[in-house]
């Protein structure tokens, strides 16, 4: 009995031990496999992320957070860097660059701007403004500071009404001007950039608009101003202090960039952060545009673009003046006539060596001679006759003068007068002779024609006369036939 209990206890112990060991091993194996699977998945995920990052870096070597960006040479328009430059984007307040440009082109700084009820109250909820009142007046110079520094939407509306009479007509002017500049993928619906699904552009188009705007020194003055004061007006007794929203030009800002001349910021929920800005270093000028960016990263991306651009230039020889030979006909203007003279032979004024982005293929640079047709004399040796333009991807990047190698004198006008008189006399004689000859030919043709007619008439009359004579002649009696008579 004791032996039986002992054996039973021993067998139970063995069974329990076996179950415990087996379960533990199973759990351990399961855990090991799970850990291995998890580790492998993590490794695969890391590898995938790494591959995506590498692919992204290949597409965007600067690692910008902006969804769309472009960097162009401000003088030539050559694209140095591109990230989705033709992708549709919302410009937000960078729209005001074109509004300001049109204001500068169509008004005077001293023009007085009056804010209508529509301008003050129809700018959209949450719009940026400087608190202008209905019927409040400021000068155009003050208005443009309000637009480009403080991004005042109501001032944009007042500018639109001042120039075109209505906001709708001004928007038509905006779209026409944008197309003339070359912004083919842009459509605006308002002068300030408040969100509208049909108000869109691309980073490249905004770069072209900025390139056109900075040709105007007045525009550059506005975007380079950090602080401006609007004095008391006809309604408000206090001055308004305007601070530039572009942190790249603020020396107290952590985002300050010493080469930045100025630009325009923008933000809406749909557009994200946008920035169009212009920088200059030595003889290099760049325009950077970033669209749909994240917060202050918009400034970091712009700085990264500028640094990339300024380090991407190199001196390139693109033309030797010994290569160029050409000639053009010269005429003298005399009494609205072109009197042909000799040909003028043309020489290029200089060799051309330019600081260009490294990605520019000099073999793709075109040379176009721009010479008047015809060239008007007189021409002196060394005189500028035309230009030789250098084009890259359709954009003019440089131009040099074409100079005359020889002298082309004009004819003395007194001689031309005498010659003209002689020509006039000769022409009169020719005309007389021509008319005499024509008259003679007509006379001869008429004479022979008349002679032919008279001759035919005479013939007809003779025939009639003969016929009448024959018909009026008496008839002779018929002779009898003797043979028949005998019978």
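Each reported figure results from applying straightforward, stated rules to the coordinates on display, with no laboratory input. As the structure is a prediction and not an experimental result, all values here were calculated from the model. When we count neighbours, we look across all protein chains shown, and the Cβ atoms used for this are built from the backbone with ideal geometry, even at glycine.
Quick notes
- Annotation: average projected area of the stretch 68-311 is 11.9 square nanometres, based on the convex hull of Cα atoms across all directions.
- Prolate/oblate/rounded call for the stretch 271-423, Cα gyration tensor, a/c under 1.5 rounded: prolate
- Distance distribution note for the stretch 319-404: the fraction of Cα pairs above 19 angstrom is 45%.
- Taking 0.36 nm per residue of separation and subtracting the current Cα-Cα distance, fully stretching the chain between residue 184 and residue 108 would add 24.5 nm.
- Neighbour counts of other Cβ atoms within 10 Å put 318, 425 in the fewest-to-most order 425, 318.
- Packing order of peptides 103-112, 287-296, 438-447, highest average first: 287-296, 103-112, 438-447 (average count of other Cβ atoms within 10 Å over each peptide's residues).
- By the beta-carbon count within 10 Å of each Cβ, the least crowded to most crowded order of 432, 223, fewest first, is 432, 223.
- Pairwise centroid distance, computed over Cα atoms, of the stretch 113-167 with the stretch 427-473, Å: 93 Å
- Relative contact order of the stretch 106-255, defined on C-alpha pairs under 8 angstrom at six or more residues apart (%): 21 percent
- The modelled label-to-label distance between residue 234 and residue 335, using points 7 Å beyond Cα along the C-beta direction, is 6.1 nm.
- Cα centroid of the stretch 213-267 to Cα centroid of the stretch 274-326, whole Å: 22 Å
- Counting DSSP beta bridges with both ends in the stretch 319-404, the antiparallel % (nearest 5): 95 percent
- Neighbour-count order for 284, 422, fewest beta carbons within 10 angstrom listed first: 422, 284
- Its Cα gyration tensor gives the stretch 242-333 an equivalent ellipsoid, and the semi-axes of that ellipsoid, as √(5λ) in whole Å with the largest first, are 41, 17, 13.
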